[in-house]
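Asker: Okay, here's the structure, questions in a sec.
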Amino acid sequence: MSTEQTKKEQLHEAFYTQTPEEVMRTLGTSQEGLSEEEAKKRLATYGANELDEGKKTTMLQKLFAQFKDLMIIVLIAAAAISAMVPNAEGHREWVDAIIILAVVVINAIMGVIQENKAEQAIEALKEMSTPNAHVLRGGHSVTINSHELVPGDVVLLEAGDVVPADVRLFEVSTLKIEEAALTGESVPVEKHLAVLVDTEVGIGDRVNMAFSNSNVTYGRGKGIVVHTGMNTEVGKIANMLANADETETPLKRNLNQLGKFLTYAILAIAVVMFFVGTMLNGQGWVEMLLTSISLAVAAIPEGLPAIVTIILALGTQVMAKRNSMIRKLPAVETLGATDIIASDKTGTLTLNQMTVEKLYVDYQQYDIKENIPADTMAVKVMNFANDSRFGKEGNLIGDPTETALIQFGLDLGFDVREAVKVEPRVADLPFDSDRKLMSTVHQLADGRYLVAVKGAPDVLLNRVTEILNNEQVSPMTEEAKATILAANKNMAQQALRVLGTAYKYIDVLPSELTSEELENGLIFAGLVGMIDPERPEAAGAVKVAKEAGIRPIMITGDHRDTAEAIAGRLGIIKPGDDAAVLTGAELNQMSEEEFASKITQYSVYARVSPEHKVRIVKAWQQAGKVVAMTGDGVNDAPSLKQADIGIGMGITGTEVSKGASDMVLADDNFATIVVAVEEGRKVFSNIQKAIQYLMAANLGEVLTLFIATLLAWDTLLPIHLLWINLVTDTFPAIALGMEPAEGNLMARKPRGKSSNFFSGGVMSSIIYQGILEAAAVLFVYWSAIQWPAHTELNMIGLSAAELYNLQHADALTMAFATLGLMQLFHAFNVKSVHQSLFTVGFFRNKAFNWAIVLSFVLMMGIIIIPGLNDIFKVTHLDWYQWGIVVGASFAIIPVVECVKFVQRRMGKV
C-alpha cells in the first residue's frame, strides 16, 4: 500500500471500530513496528508530528487592521479637515489634528498588543507536546523525538509517559490514561482492547485509543500510531482555534453603532447648516463651508476612544485585585452583558480532585462529616489494597481514585505508612479489568496473613461468604446481599463512584497467587463512594448569577449521571430533572434547526466533544445571547475562543485554555465570575455615563453654533470649542469611569445584545440635556447683548460700533464661560442616568471631585489671568455678569433632577 493511500486512509478511518490486525493492514505495519527506511519515507509524506503554526499576519497588517473601525475613520477624517482646511481667520487647527491622531495611534497600538496575546494559544498547544517517544523500529525498542513519529509506528507506553500521538492500542496491562484536558472527565480512563461498533462514539468512550498529550497514570501498553500532527484530536482543536471566527464584542458593536450614528448625524447637520446659511441667509458658500466643517469637527468626541480605553483599563485594575486577570480590554465590558455562563464542570464547578463522600459499613451509610472511627476495617482494606505512594514532599502520587482513599484514611487518622511497617505487604494481585478486583497480602504479627480486596461491588459480593457487622462476623445471606446492593444503587444514583471492600485471613501464603485462591471466601467490610465534589462556593455563585438574570449551564465530558447529579447539587437544574440534560450522542442526532428550537430546554450537556462545545456556544449566540464560557482544558480552547468572553482557569488551566481566553481567574473560583460580571456591569454603566456626558455636551455645542448661525450671531470661536472639549470633556469623563457601582446593579436583568450605549433612557437624556445646555448658552449671550453691563460707557464718547464690540466681547465671554461651567455642573447629573444625585452622593468619588476642580481652574484661568484672555479673545467679567453665568450654569442640576423625579414617579425607570 502506498504512503499516499495510507495518508488518505488516516484521515477517514475510525480505527477504534477495527481490530488491531485490521489497523495494521490498513497502515501497512506489524507488532514489530516500521523499519527505519519506511519510517523516513512516511515522515517525508506525512510531515513532522507537530502542530501547524498557521498563517500569521505581520505587525504592519495588524496595525492597518486597527484603522478599519468606522469611528476611527471619522476621527482621521476630522483630523485631516482640521489640519488642511483653514478656519474663518485663516488658521489651521494643528493642535486639534495632533490630539485626534494621537488618540487614534494609541488605540491602534493597544489593539495590536492584545491581538498578539491572543495568538499564543496555538503556541501553547505546541509546547505541550512530549519531546520523546519510545517506539519499536524493526522489532527493537528505541527512543526518538516525538516529531519523528509517523502513522504505523508502534509506541510503548508506561506510567508517567505523555502519549505522543493518537494511538490504537493492541496490548494493555492495567493501563489507565488521564484525559481530563481533552474530555473534561476527572477520572483516568481504564483502557481495553475491545472493538467499538458505534462510529459516532465520543472521545471519552474510545477506550481502545490513547490520545496525543494525555497522561499515562497507571500500567503499561502498546499501540499503533494512527494519527499524527494536525490529524490528532489535539490537532483538530488547534485547527478549530486557528479557524474560529472572531466574535464581535458588545463594546465593539456599540462603538461601531455610535460611530455610524455620529457620522450620519454630523453630515446631516453640516449639510443642512450649509444650505440654510447660503440659501436663506445669503452668506457666502466658502464661509458657510468652513463654518459647517468647524461644526462637524466640534461635534466629534475625539477623546471618546481614549476615554473608553482608560475606563476599561481602570476596570481591569479593580478586577485584578479581585482575582480576575483581563487579557483583552473589551472583555471587561462584555462581562456586564453576559446572558449565559457556560461552565465546564471539572476543575471549574468541581475541585478536579476525587474525594470520598460516603462510607457504608455495619448496614449504615455515613457522610464524611460524621464521626467515622479510624479503625473501621473498610478503611484499613481500602488503604492496604492500594498502589498510591508518597512523594518527597509528602504529596500523594498515583491514580486519583486510590489517592482519594489514602487521603480519606489520613483524614480519619489512619496513616497507611505506619500501618504497613507493622503489617507489611508481601504479595499482591494487580487490578484487572476482567475480574475488576485488586488484592494485597500483608504479614501479621501472629504469623497469619491478611488479604485485602477492593473492587466493583457486584463482582465482589459474588466472592463474599460472610459479613462484618459491629465487629462481629456472620454468614452472608441473600437478604443482606440485597441490602448492600440497594445501598450501592443509592450511592450510584448520587453519581458516586462506588467500590466494595472485603478481606479474609489465611494461615499460609499460597505458592501460586491466583484469584481463585485469594479472592474467594471473603468477609464483606463495606462500601465507599467517591466523587469529584463541587467547589464550596459554586452553589452560592450559581444562585447569585440566576438572581442577576444570568443562566448558568454546564458543559462537560463526564457521564450523564455524574453531570446531572453535580448540576442538581449546584442548583443549575432541579435535582432529578433528566429532561434538562443532553448528551453528545443525542446532540449528534439533532439537526441545527432542531437544536436551535430546543436550546432553551437544556442546562446540562454531558459526554460532549470539543466540536459539541463550539456548537452549543454558537447556538446560544444565534439565539441572541451573550455567552461567557469557562474552562481549563485543551478541549475547552475552541469554545473559549468562540464565546463572547472566554474565561480560563489560572491555577488548573492549561496554557492553551489561558491563551484562548479573554479573562483568566487567578483563584479558579467560579464565584469570582459573578464578581467580574458586577464589575463589567459597572464599567458599562460608567461608559454610558461618560458617553451621555460627552454627547450632551457636544450636542449643546452643535445646537448653539447651528442656531446662532441661523440667527447670524457670533457666539463661540473655534478656539473656545477646542478648549472646552479639551478641558471639560476629558477629565470629568474619565472620572465618571471611576464611579462606584449603583446599589441595584446586580438586581437588573442582563441588557442583552440588542442594547447599546443609548439604551435605558440615555438617548432621550442626551437630547433634552443638550437642548438645555444650548438654550442656556444662547439665553446668556442674548441677555448680555440686550442688557449690557457697560451702558455707562456711552457717557465717555464711545461710538456705537465700539460699544457694540465691547458688548459683544462680554457676551462672547459669558457664553463661553456658561457653556464650560454648565458642562461641569452637568457632570454631577450624569453620575446616574435616573437616580437622584442625592441618592448616589455628590462627593463619593474623590477622583471625580478633583477632576471637576482641575477643569474649573483651567476653564476660569484663561478668563481671569491677564494675557491668557487676550490669546483666547475673552474679557474680564464683573460680579453681575458672573452671577448670570453661574446661575444659568447651575440651573441644569435642579432642572435635570426634576425630570428624573418625574420619570421615576411615572415608572419609566
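Computed from the coordinates by the stated procedures, all read-outs in this text should not be read as laboratory data. This structure is a prediction, so every number in the text was calculated from the model and none was measured. Every residue, glycine among them, receives a Cβ derived from its backbone with ideal geometry; neighbour counts consider all protein chains shown.
Asker: Under a Cβ-only charge scheme (Lys and Arg +1, Asp and Glu -1), can you give me the dipole magnitude of the range 308-390 about the Cα centre, in debye to the nearest 20?
Answerer: 460 debye
Asker: Is there a quick way to get the dipole size of the range 187-232? I mean about its Cα centre, with the Cβ of Lys and Arg at +1 and of Asp and Glu at -1; what is the value in debye to the nearest 20?
Answerer: 280 debye
Asker: For the range 355-531, please report how many Lys pairs fall under 14 Å Cα to Cα, leaving out neighbours fewer than 8 apart on the same chain.
Answerer: Step by step, the pairs that qualify in the range 355-531 add up to 8.
Asker: Hey, which aspartates and glutamates would be in cross-link range of residue 753, C-alpha to C-alpha under 15 Å, not counting anything within fewer than 8 residues on its own chain?
Answerer: 248, 333, 339, 644
Asker: Based on Cβ point charges of +1 for Lys and Arg and -1 for Asp and Glu, what charge dipole magnitude is obtained for the range 555-622 about its Cα centre, in debye rounded to the nearest 20?
Answerer: 220 debye
Asker: Rank by packing, highest mean first: peptides 626-634, 210-218, 320-328, with packing defined as the count of other Cβ atoms within 10 Å averaged across residues.
Answerer: 626-634, 210-218, 320-328
Asker: Using the Karplus curve 6.51 cos²θ - 1.76 cosθ + 1.60 with θ = phi - 60°, what ³J(HN,Hα) values do you get for each residue of the range 462-467, in whole Hz, with x for Gly and Pro?
Answerer: Couplings: 6, 10, 9, 10, 9, 9 Hz.
Asker: Another question about this same structure. Let's test this: bin the Cα-Cα distances of the range 344-443 at 5 Å from zero up to the farthest pair and state each bin's percent.
Answerer: That works out to 2, 11, 20, 22, 20, 15, 7, 2, 1, 0, in percent per bin.
Asker: Give me 501, 278 sorted ascending by neighbouring Cβ count inside 10 Å, so fewest comes first.
Answerer: 278, 501
Asker: Can you tell me which of 403-415, 846-858 comes out highest on packing, and rank the rest after it, using the mean Cβ neighbours within 10 Å?
Answerer: 403-415, 846-858
Asker: Sticking with this one: In what sequence do 189, 163 fall when counting other Cβ within 10 Å, fewest first?
Answerer: Lowest count first: 189, 163.
Asker: When 751, 25 are ordered from fewest to most other Cβ atoms inside 10 Å of their Cβ, what list results?
Answerer: 25, 751
Asker: If you take the alpha carbon radius of gyration of the range 355-531 and divide it by 2.2 N^0.38 Å, what ratio comes out, to two decimals?
Answerer: 0.97
Asker: A follow-up question, please. Rounded to the nearest 0.05, what FRET efficiency do residue 506 and residue 375 have when you use their Cβ-Cβ distance and R0 = 25 Å?
Answerer: According to the calculation, E is roughly 0.70.
Asker: Under 13 Å from the Cα of residue 41, which aspartates and glutamates turn up, not counting those fewer than eight places away in the same chain?
Answerer: Reachable aspartates and glutamates: 4, 148, 153.
Asker: Over 27 Å between C-alpha atoms is what I'm after, so list which of 574/598; 260/598; 260/328; 328/625 land there.
Answerer: 260/598
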